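The values are calculated or read from the model by the stated rules, or taken from the named source; none is laboratory data. For clarity, every value in this text was computed on a predicted model and none was experimentally measured. Ideal geometry is used to build each Cβ from the backbone, glycine not excepted, and the neighbour counts take in all protein chains shown. With ligands, DNA and RNA removed, areas are computed over all heavy atoms of the protein, side chains included. Shrake-Rupley method; radii C 1.70, N 1.55, O 1.52, S 1.80 Å.
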Amino acid sequence: MLNKERLFDEDEMLELMRERFLSSLVSRENYYKQRFKEICFYLKLNPYFNFPALALLEPARSSGEEWEKRKALKEIRDYLQRYEHGAGSIVIFTDSEERLGLLFSWVSRELIESINSKLNGVMPHPVHIGVGRPCSNLADVHLSYRQALAALQDKFYKSDGEVVYYNELIRYQPVGKYPVEKEKELLEFLKHAPSSGEIECAVERFYTHILQYGPVDSKSIYELTIRLLLGLEKRILTDLENVNVYKPCESTAVVQMKSMRQIKAYVTEQLSALREVLLQNEGESHRNIIKKTIQYMEQECQNATLYSVAQKVYMTPTYLSSLFKMNTGKTFIDQLTEIRITKAKEMLKCTHLKNYEVAEKVGYKDSRYFSQIFKKKVGLSPSEYRDSAQ
């Protein structure tokens, strides 16, 4: 009964055993040293493999969900088993970290480029491939595995879907002092940045400075990025109000990013959000200044001038004039004239002051000029308005 209803056929069992053997081989050197040749022949692996080398595959993805990773790897494996594995030119297995490994002969290394091109053409996500150096024999393939792993980790600076060869890796440069001055430059730029597009360019310049002598290890990039964002947040948000809409930098999110491209995009997004907070608070600050300006104009309309009011709100007359026009749509003189005419109308209705006395109290020393302005704004002369009101 068991023979007729086997859980696995012989080919499936052989493939499962071969996968476990290779996974152990690459993680524990010389683990099968005593019976290595015998096991290889049994598993139909040539121990005299012609310059064996290892490649490691990993799907590029923004999500860190394990189920998504396993699903993507299964799709890749199924594709390779259908179109490549049948030819016997590569051996597919999964390592202890659930990365997909490809054992191949170095003389047929063009297969890796071909596989990469095909996978990136049919898979929903780009695929990273790290390739180790060839070994003299299969027993030493763990060395190629470690190199492939190092090459795969170097994808941090690569575009999605590239093949990275260990022998082409560039040595990482040491990180110098944290660029405090560059952070200050970025802060000043942020305060006056005309658009989010300009912020993206500024972020690019910051990291170009960091990498001017060559690539830096990803851990240092994470640390620099977190320090940059926390520093800018502290400098910008400390004295501001209404910052509840801003979502602070998440250190855990930064260290989970897989590429320099993702780091730059995240920093640009955070700085753009900080710029919005600055703009909102700047707008609120401007509104408060205009409100105080109008209060001073109403309280001291008899002697108020652009210069005197600008001093009270700690601004230059030119800037206050521009700010007033931008926020109210009126000039400073137009607003002051409205205030004076409104007060004059009240006095004409409620007091027995003569017209020239009313003019003086609201800031016009020339009563005829006052009458001209009053009639232009109200449609009646001061005397006509007094009569109509009574």
Which residue is modelled with the highest pLDDT, if the candidates are limited to the stretch 18-60 and must be assigned to a helix (DSSP H, G or I) and open to solvent by 70 Å² or more (accessible area, probe 1.4 Å)? ARG20
So for the stretch 214-226 (the condition being modelled with pLDDT of 90 or more, open to solvent by less than 60 Å² (accessible area, probe 1.4 Å) and over 17 Å from MET260 (Cβ atoms)), does at least one residue qualify? no
Return the pairs, sorted by first residue and then second, in which the second residue is part of a loop (DSSP other than H, G, I, E, B) and open to solvent by 60 Å² or more (accessible area, probe 1.4 Å), the first residue lies in the stretch 159-181 and is free of Cβ contacts under 8 Å to residues at least 40 places away in the same chain and under 25 Å from GLU223 (Cβ atoms), the beta carbons are less than 7 Å apart, and the residues are 6+ apart or on different chains. VAL164/LYS158
Please list, ordered by first then second residue, the pairs with beta carbon atoms under 6 Å, 6 or more apart or interchain, first in the stretch 327-344 and within 27 Å of LEU279 (Cα to Cα), second open to solvent by 70 Å² or more (accessible area, probe 1.4 Å). THR331/LYS325
Against the definition (surrounded by 11 or more Cβ atoms within 10 Å (Cβ to Cβ) and without any contact (Cβ under 8 Å) to a residue 60 or more places away in the chain), how does GLU185 come out, yes or no? yes
Please give the number of the condition SER259 fails out of (1) small (Gly, Ala, Ser); (2) modelled with pLDDT of 90 or more; (3) in contact with a helix residue (DSSP H, G or I) (Cβ under 6 Å, 6 or more places away or on another chain). (2)
Count of the stretch 346-390 residues which are open to solvent by less than 60 Å² (accessible area, probe 1.4 Å) and aromatic (Phe, Trp, Tyr): 4
Taking the stretch 291-345, which residues are touching a His at 6+ places or on another chain (Cβ under 8 Å) and either open to solvent by less than 50 Å² (accessible area, probe 1.4 Å) or not in a helix (DSSP H, G or I) (or both)? LEU323
Of the conditions (1) over 21 Å from ARG261 (Cα atoms); (2) open to solvent by less than 70 Å² (accessible area, probe 1.4 Å), GLY161 clears all except one; give me its number. (1)
